Each structure stands twice: as structure tokens, then as C-alpha cells.
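Asker: If you scroll down you'll find the structure; I have some questions about it.
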Amino acid sequence: MADISKNLDRVIQDAWLGIDVKDGDLFNPMDFLFHDDDPDKMLERIAWLMMRPEYFSFVCKYILNIEISPFQSLLLQEMWHKKFPMLIGSRGMGKSFILALYSILRALFMPRRKIIIVGAAFRQSKVLFEYMETIWRNSPILRSIFTGNEDGPRRDVDRCTIRLGDSWTIAVPMGDGSKIRGLRAHIIIADEFASISPDIYE
């Protein structure tokens, strides 16, 4: 009887969250990590857990040296699973930062990934690149993972590039769309989409 009363109290206290979670459905990652004593398998399990979008806040904190809020973690999770995500939010919400963080995570977890960032003007695509550059400079663990001569950010006259191993992200201006033909990518990120002419994206 006491257990039923205790569970009911917990349900009432958590009702404002709008979440109906049963304890049996919860997954404890620590039980998964320490399933056996094989250290190699444990490292594989840690890598697998970090690649799960629901644990991106952990990756951001301990690999990228960034504390993200819960709503930012949810945005990353939604963007990871959807084919054509669109972020719509108020000024100062951190849309450009989230897109930059998303690009870093894609390049980190998906080898040989090519990402293109476009904006109506070069200044706009540079905003995302500068966020990525800041993340690179402020995360010693990320830099220790990618130690090649070509890894990291590089600025050119007409483009800005950041390489993470075999993956790269390139920020270019959109203009009228005629100057960037020939570039191929797995992911295209269009910042300030509303300012891009419909003739280009259609």
C-alpha cells in the first residue's frame, strides 16, 4: 500500500512535465557499459552511447567542452532524425549556434561526411563557421582526436573550411546560385533560409 501511495505522489509531482514514463521502460547506460570486464568492448559501448542523439548533451559537455540546455539537446535530437528539418525561432534563440554544433557532431560521428553551409551572403555563412571555429579552439579533447596537418579550420578568400579527419564542412556564399555549382555534399545547411531567393532552392 505504501508503494502505491509513493508512486502516486511521484506521478502527481511530475504531472506538469506531461511525461508518462514507467520505471521498467528506463534504460541505465551504466548497466550497459559495465556489462562485462572486457575493456575493448567497454570502449565500443561508450562510443556507441555517445553517438546516440539522446546523449548529445554528454558529448557536448565532455568532448566539445560546451554546456547545452535541454531544449538545445532536443533540437539536435530532432534534427538528427528528420530528413528536412527547419529551425524557426526568435532572434537570439541560438539557431546559428545549434546548426554549427550539428555540423560538428555530424562530421565527428559520421566519417567521410561532406557538409556545405550556405547563406544569402558570405557574412551569414561565416557566422556558422565562426561558431565552429570557436568550438574547435575551446575543446582540447576534440583537437586531440583529430591531429592531422589538415584538421581544423582554414579560411580562404571565397570559402571557409573545417576538416575533422575524413569529414569536412565548407562555408560558402550563395549569391545568385551561379558561383557554387559543382560542389557536392551529403548535407546542405542554409542559414537565414528566408533571405534566399525561391528561384535558387526550388
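The values are calculated or read from the model by the stated rules, or taken from the named source; none is laboratory data. Just so it is clear, the model here is predicted, and its values are computed rather than measured. Please note: Cβ atoms are built from the backbone with ideal geometry, for glycine as well, and neighbour counts cover all protein chains shown. Keep in mind that these areas ignore ligands, DNA and RNA; they rest on the heavy atoms of the full protein, side chains included. Shrake-Rupley method; radii C 1.70, N 1.55, O 1.52, S 1.80 Å.
Asker: Yes or no: N7 out of contact with any helix residue (DSSP H, G or I) (no Cβ under 8 Å at 6 or more places or on another chain), within 30 Å of I135 (Cβ to Cβ) and of a type in the set (S, T, N, Q)? I'd like the intermediate steps shown before the answer.
Answerer: Working: out of contact with any helix residue (DSSP H, G or I) (no Cβ under 8 Å at 6 or more places or on another chain): yes; within 30 Å of I135 (Cβ to Cβ): no; of a type in the set (S, T, N, Q): yes.
Here the answer is no, as N7 does not meet what is asked.
Asker: In the range 66-114, which residues are more than 22 Å from K126 (Cβ to Cβ), surrounded by fewer than 19 Cβ atoms within 10 Å (Cβ to Cβ) and in contact (Cβ under 8 Å) with a residue 24 or more places away in the chain?
Answerer: Passing the criteria: Q77, W80, H81, F109, M110, P111, R112.
Asker: Is one or more of the residues making up the range 115-130 open to solvent by 50 Å² or more (accessible area, probe 1.4 Å), farther than 23 Å from P70 by Cα and more than 18 Å from the chain's Cα centre (by Cα)?
Answerer: Yes: the range 115-130 contains one or more residues that are open to solvent by 50 Å² or more (accessible area, probe 1.4 Å), farther than 23 Å from P70 by Cα and more than 18 Å from the chain's Cα centre (by Cα).
Asker: Something else now. Suppose the filter is over 16 Å from L99 (Cα atoms), acidic (D, E), open to solvent by 80 Å² or more (accessible area, probe 1.4 Å) and in a loop (DSSP other than H, G, I, E, B); does D158 pass it?
Answerer: On the way: over 16 Å from L99 (Cα atoms): yes; acidic (D, E): yes; open to solvent by 80 Å² or more (accessible area, probe 1.4 Å): yes; in a loop (DSSP other than H, G, I, E, B): yes.
It is true that D158 is over 16 Å from L99 (Cα atoms), acidic (D, E), open to solvent by 80 Å² or more (accessible area, probe 1.4 Å) and in a loop (DSSP other than H, G, I, E, B).
Asker: Return the residue satisfying two criteria in turn: it lies in the range 47-64 and is loosely packed, with under 14 Cβ neighbours inside 10 Å and of a type outside the set (F, W, Y), and of such residues it is modelled with the lowest pLDDT. Can you show your working first?
Answerer: Residues of the range 47-64 loosely packed, with under 14 Cβ neighbours inside 10 Å: 47-48, 61-62.
Cutting the leftovers down to of a type outside the set (F, W, Y) gives us 47, 61.
On the way: A47: 83, K61: 91.
Looking at residues that are loosely packed, with under 14 Cβ neighbours inside 10 Å and of a type outside the set (F, W, Y), I get A47.
Asker: Now, a different point. Just checking, does the range 16-35 include any residue being in contact (Cβ under 8 Å) with a residue 60 or more places away in the chain, open to solvent by less than 50 Å² (accessible area, probe 1.4 Å) and not acidic (D, E)?
Answerer: Going residue by residue through the range 16-35, those that are in contact (Cβ under 8 Å) with a residue 60 or more places away in the chain are none.
Scanning the range 16-35 turns up no residue that is in contact (Cβ under 8 Å) with a residue 60 or more places away in the chain, open to solvent by less than 50 Å² (accessible area, probe 1.4 Å) and not acidic (D, E).
Asker: Quick check: is even one residue across the range 110-123 in a helix (DSSP H, G or I), at pLDDT below 90 and not β-branched (V, I, T)?
Answerer: Kept after step one, since they are in a helix (DSSP H, G or I), are these residues of the range 110-123: 122-123.
Checking which are at pLDDT below 90 leaves us with 122-123.
Next cut, not β-branched (V, I, T) only: 122-123.
Within the range 110-123, one or more residues are in a helix (DSSP H, G or I), at pLDDT below 90 and not β-branched (V, I, T).
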